[in-house]
Amino acid sequence: MNPHILTNDTIVAVATAAGAGAIAVIRLSGPDAVTITQRVFKGKNLEQQPSHTIHFGTIRDEGKIVDEVLVSLFKAPHSYTKENVVEISCHGSDYIVQQIVKLLLKQGARLANAGEFTKRAFLNGQFDLAQAEAVADLIASDSALSHEVAMKQMRGGFSQEIKRLRAELVHFASMIELELDFGEEDVEFADRDQLRNLILNIQRIIRELLKSFELGNVIKNGVPTVIVGKPNAGKSTLLNKLLNEEKAIVSDVPGTTRDFIEDEISLGGITFRFIDTAGLRETTDKVEAIGVERTLQKLSQSSLIIYLFDITTTTPEEVLSELQELNPKKLPVLPVANKIDEASPATLSAFDNLQDIVKISAVAGANMDALKDALVEKVNLGKLNTQQQTIVTNLRHVDSLNKTYTALDDVLNGLALGMSGDLVAADIRRALYSLGEITGEITTDDLLDNIFTKFCIGK
Ligand code: GDP
């Protein structure tokens, strides 16, 4: 058992989302989970039932039936938290759920803190820290790729890679420390060339992992995408088409789309978070001016720009100059010509020389597939092989990897300068510490609190 843990109390929380559903699940974990449930349950004697069984019965408040329920039993250590766990499936009314939780509290359970179930699972050795974090990512995953990456991390793919690197370093650290025991005798157990090669190799892998975060961040958080263009270019219409719902206001009056509507779609496994804007028109209108200011602000928050223009009223030269103007940061930008349903063949062909351009009709929904393909292509995840590659999605891990990298640089410098073994060993230990933070071999209470309070209650 992990020395961190002192759980002689039993926690309870609702595991399902609030609001009426067909069923809700209330979860208990701790030594008295079964005993406490038994006190409010009428049916079989739960304490005499084996693990991994389900029992029908009623929950009663001093004889009065609160609900008919199913009780699932998971006895320690064969449960999510490795403690006794009980899951009560009741009817999904908030009232019933509250009544049952109240009864369980009265019988000695205490309300769980955010993430406490998963924290207990981690502390009891069910999985390491990176895997625990992946549980939260999995629950939050909303696209095929974010699901795949979280699942892989939860199953330990990422952890294994970190642990492997760590194990190799531990070996060298202990060799060098062994040398120190021999004091003056000038022995070298740790081959310095081998150590240098190992460190260079680990640094290479860390660089790859850090680079993968660009992708990991996109996969986890989506691509903030902005649609810009003059008023009446058809931005709202396009957004509507893409979202397939009437979420943006469509209007014939120029510049009426003043509110920002953020929404998401998933294309090719990637989430695009759309940010609608009020257009880029120079204006004296006050309300609209705020809109323009916010457009520029939104531009600075986005990673991908769709530049939409009305092909019937815009020249290729205008398009080129606007593309330059609106994109000082050189973000990926997709020029999209709209209203091809009203354009003459001559107008259409005038744009043939523009690179990467997609021509659509937002109203008619023409060429939407080409547009979607082009969007996915812009993010350039096409070449990504999520099966093979380990992808970092967590900023905390990025931080630890950076610290490891710096410590390894110090080791390399120490070796180059022929520094004494104790100093080199200290730098290796620092690298080990940072690597260990990722999987939780090294933890502090602050670190754990920081991670688990971001979970919801009940997880
Ligand atoms: P926004 O100001 O850029 O958001 O433009 P809107 O989406 O409000 O569209 C302005 C006008 O252009 C509306 O009357 C739309 O119906 C019309 N519109 C949008 N897309 C198309 C299109 O593909 N073809 C045609 N003919 N009209 C369009």
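Candidates are the residues of region 339-363 that are outside any loop (DSSP other than H, G, I, E, B), within 37 Å of the chain's Cα centre (by Cα) and within 18 Å of GLU317 (Cα to Cα); the one that is farthest from the ligand (Cβ to nearest atom) is VAL358.
Picking from residues in region 26-84 that are of a type in the set (A, V, I, L, M) and closer than 18 Å to ASN8 by Cβ, the one that is nearest to the chain's Cα centre (by Cα) is LEU28. Of the candidates THR53, THR81, THR35, the single residue that is touching a helix residue (DSSP H, G or I) at 6+ places or on another chain (Cβ under 6 Å), modelled with pLDDT of 95 or more and either among the polar types (S, T, N, Q) or surrounded by 14 or more Cβ atoms within 10 Å (Cβ to Cβ) (or both) is THR81.
Taking the conditions (1) farther than 14 Å from VAL85 by Cβ; (2) touching a residue at least 40 places away in the same chain (Cβ under 8 Å); (3) surrounded by 13 or more Cβ atoms within 10 Å (Cβ to Cβ); (4) in contact with a His (Cβ under 9 Å, 6 or more places away or on another chain) in turn, ALA22 satisfies each one other than (3).
Name the single residue that is surrounded by the most Cβ atoms within 10 Å (Cβ to Cβ) among those in region 416-447 being polar (S, T, N, Q) and assigned to a loop (DSSP other than H, G, I, E, B).
Pass one, region 416-447, residues polar (S, T, N, Q): 420, 434, 439, 443-444.
Among the residues that remain, those that are also assigned to a loop (DSSP other than H, G, I, E, B) are: 420, 443-444.
Numbers: SER420: 12, THR443: 17, THR444: 9.
Here the residue is THR443.
Taking ASP369 as the residue in question, decide whether it is among the charged types (D, E, K, R) and within 16 Å of the ligand (Cβ to nearest atom). In short, yes. If you check LEU304 against the conditions, is it touching a helix residue (DSSP H, G or I) at 6+ places or on another chain (Cβ under 7 Å) and more than 15 Å from the ligand (Cβ to nearest atom)? So LEU304 fits the description; yes. The criterion of at least 3 residues that are under 20 Å from VAL424 (Cα atoms) and more than 16 Å from the ligand (Cβ to nearest atom) is met, among helices (runs of 4 or more DSSP H) falling completely within region 155-245, by 157-181, 192-221. Annotation: of all residues in region 314-338 being of a type in the set (Val, Ile, Thr) and assigned to a loop (DSSP other than H, G, I, E, B), the one that is nearest to the ligand (Cβ to nearest atom) is THR314. The residues on offer are ILE438, ILE451, and the sole one that is under 18 Å from the mean Cα position of the chain (by Cα), β-branched (Val, Ile, Thr) and over 29 Å from LEU200 (Cβ atoms) is ILE451. Against the list (1) outside any loop (DSSP other than H, G, I, E, B); (2) free of Cβ contacts under 8 Å to residues at least 40 places away in the same chain; (3) within 23 Å of the chain's Cα centre (by Cα), the condition PHE127 fails is (1).
Every residue, every condition in (1) in contact (Cβ under 8 Å) with a residue 12 or more places away in the chain; (2) touching a Ser or Thr at 6+ places or on another chain (Cβ under 9 Å), yes or no:
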site: ILE26; (1), (2): yes, yes
site: SER29; (1), (2): yes, yes
site: ALA33; (1), (2): yes, yes
site: PHE41; (1), (2): yes, yes
site: ASN45; (1), (2): no, no
site: THR58; (1), (2): yes, no
site: ASP61; (1), (2): yes, no
site: SER89; (1), (2): yes, yes
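The values are calculated or read from the model by the stated rules, or taken from the named source; none is laboratory data. Computed from a predicted model, the values in this text were never measured in an experiment. Using ideal geometry, Cβ is built from the backbone for each residue, glycine included, and neighbour counts are taken over all protein chains shown.
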